[in-house]
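Chemist: Mind having a look at this structure? Questions to follow.
Computed from the coordinates by the stated procedures, all read-outs in this text should not be read as laboratory data. Remember, predicted model here, so these are calculated numbers, not experimental data. Positions of Cβ are generated from backbone atoms using ideal geometry, with glycine treated the same way; all protein chains shown enter the neighbour counts.
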Amino acid sequence: MPGLLGKKIGMTSVFSADGKNVPCTVIEAGPCVVTQVKTVEKDGYEAVQLGFQDKKEKHTTKPLMGHFKKAGVTPKRHLAEFKEFETELNLGDTVTVEMFNDANFVDVVGTSKGKGFQGVVKRHGFGGVGQTTHGQHNRARKPGSIGACSYPAKVFKGMRMGGQLGGDRVTVQNLQVLKVIADHNLLLVKGSIPGCKGSIVLIEK
């Protein structure tokens, strides 16, 4: 799907036409520059690589500097590929938030907030205090029995236990586009999106 790279600014709310207060997320979407055009003949598939946010030349590796110079653009901090653009794009072209003017809904891909190592109550919603389930005796936030004994003498894969929570790639689909503010490269979508303020997201049409 065609799309754009952006940065999560934060959440706010706007009033709809019928006077309802609608929670929304503000995203700085683009402008993005075309840094590579992939073709079936050369790469085996068609796609457009976009770059977002400028980066100092001294912080860019030499192979990437050659990549950017070939495209005739300044070094970019973030790169991502998108497919099926409606118009043909060439190296150095700029894609702006205006591509969402006719879009009613978008998908947003981001990295969820990392919460570190968490137990079963927070990670999986186990009963916790007052609900002594899972074979536990006096440890109300522990997992208790996990069901394995001398047979099968192992813990089955996928068993819900404590572990790393968050920090995953998350896609939220069908977010309603409330407003496009082209002058400031801003896109307002209904509801929340994954990640913290300032995190990089992919917006797909």
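Chemist: So for the pair Val170, Leu64, with labels modelled 7 Å out along Cα→Cβ, what separation do we get in nm?
Modeler: 2.7 nm
Chemist: In deg cm²/dmol, rounded to 500, what helix-only [θ] at 222 nm does the chain give when every DSSP H run of at least 4 residues adds -39500 (n - 2.57) and the total is split over its residues?
Modeler: -2000 deg cm²/dmol
Chemist: Then there's this: Projected area of the range 161-205, taken from the Cα convex hull and averaged over every viewing direction, in nm²?
Modeler: Mean projected area for the range 161-205: 4.4 nm², to one decimal.
Chemist: Follow-up. Considering only Cα-Cα distances, which of the following residue pairs are longer than 32 Å: Lys76/Lys157; Lys55/Lys179; Lys62/Lys115; Lys38/Lys58; Lys8/Lys58?
Modeler: Over 32 Å Cα-Cα: Lys76/Lys157; Lys62/Lys115.
Chemist: Kindly list the residues of the range 89-112 that lie in the label zone of Leu79, defined by a backbone N under 16 Å from the point 7 Å along the Cα-to-C-beta vector.
Modeler: Those under the cut-off are 91-93.
Chemist: So, one more: Give the cross-link partners of Lys83 among the aspartates and glutamates, using a straight C-alpha distance below 15 Å as the criterion and excluding same-chain residues fewer than 8 apart.
Modeler: Result set, ordered by chain and number: Asp43, Glu46, Asp107, Glu204.
Chemist: Explain nothing, just the number: relative contact order of the chain, from Cα pairs under 8 Å at least 6 residues apart, as a whole percent.
Modeler: Averaging sequence separation for qualifying contacts and normalising by length gives 30 percent for the chain.
Chemist: With each pseudo-label sitting 7 Å past Cα toward Cβ, what's the Phe15-Glu57 distance in nm, one decimal?
Modeler: 5.2 nm
Chemist: Sticking with this one: Using DSSP to call loops (not H, G, I, E or B), can you name the trypsin sites (Lys or Arg not before Pro) in the range 150-203 whose Cβ has at most 16 other Cβ atoms within 10 angstrom?
Modeler: Loop-located and lightly packed - Lys154, Lys157, Arg160, Lys197.
Chemist: Tilt of helix 62-71 relative to the longest C-alpha principal axis of the chain, in degrees (0 to 90, nearest 10)?
Modeler: 50 degrees
Chemist: Figure the gain on full extension for Ser192 and Ser150 (residue separation times 0.36 nm, minus the Cα-Cα span) and round it to one decimal in nm.
Modeler: Contour length minus Cα-Cα distance gives 10.5 nm.
Chemist: Okay, next question. Among Val40, Val22, Val170, which one shows the biggest mean-square fluctuation in a GNM of the chain, springs joining Cα atoms closer than 10 Å?
Modeler: Val40
Chemist: With no solvent and one point on each alpha carbon, what is the Debye value of log10 I(q)/I(0) for the range 99-205 at q = 0.12, 0.16 Å⁻¹?
Modeler: -0.63, -0.81
Chemist: Most fluctuating residue of Gln49, Gln118, Gln173 in a GNM of the chain with Cα springs under 10 Å: which is it?
Modeler: Gln118
Chemist: May I pose another question? Just want the answer: with Cβ charges of +1 for Lys and Arg and -1 for Asp and Glu, which residue in Gly66, Gly92, Thr39 is farthest toward the dipole's positive end in the range 16-104?
Modeler: Checking the options against the dipole of the range 16-104, the answer is Gly66.
Chemist: Suppose every Lys and Arg Cβ carries +1 and every Asp and Glu Cβ carries -1, with no other charges. What dipole size does the range 41-160 come out with about its Cα centre, to the nearest 20 debye?
Modeler: 1580 debye
Chemist: Please give the FRET efficiency for Thr87 paired with Ser199, using the beta carbon to beta carbon distance and R0 = 30 Å, rounded to the nearest 0.05.
Modeler: With a Förster radius of 30 Å, E is 0.55.
Chemist: Now for a different question. Given charges of +1 on the Cβ of Lys and Arg and -1 on the Cβ of Asp and Glu, with all other atoms neutral, how large is the dipole of the chain about its Cα centre, in debye to the nearest 20?
Modeler: 1620 debye
Chemist: Can you list, bin by bin at 5 Å, the percent of alpha carbon pairs in the chain, starting at 0?
Modeler: Spelled out bin by bin, the chain gives 1, 7, 12, 13, 13, 11, 10, 9, 8, 7, 5, 4, 1, 0 percent.
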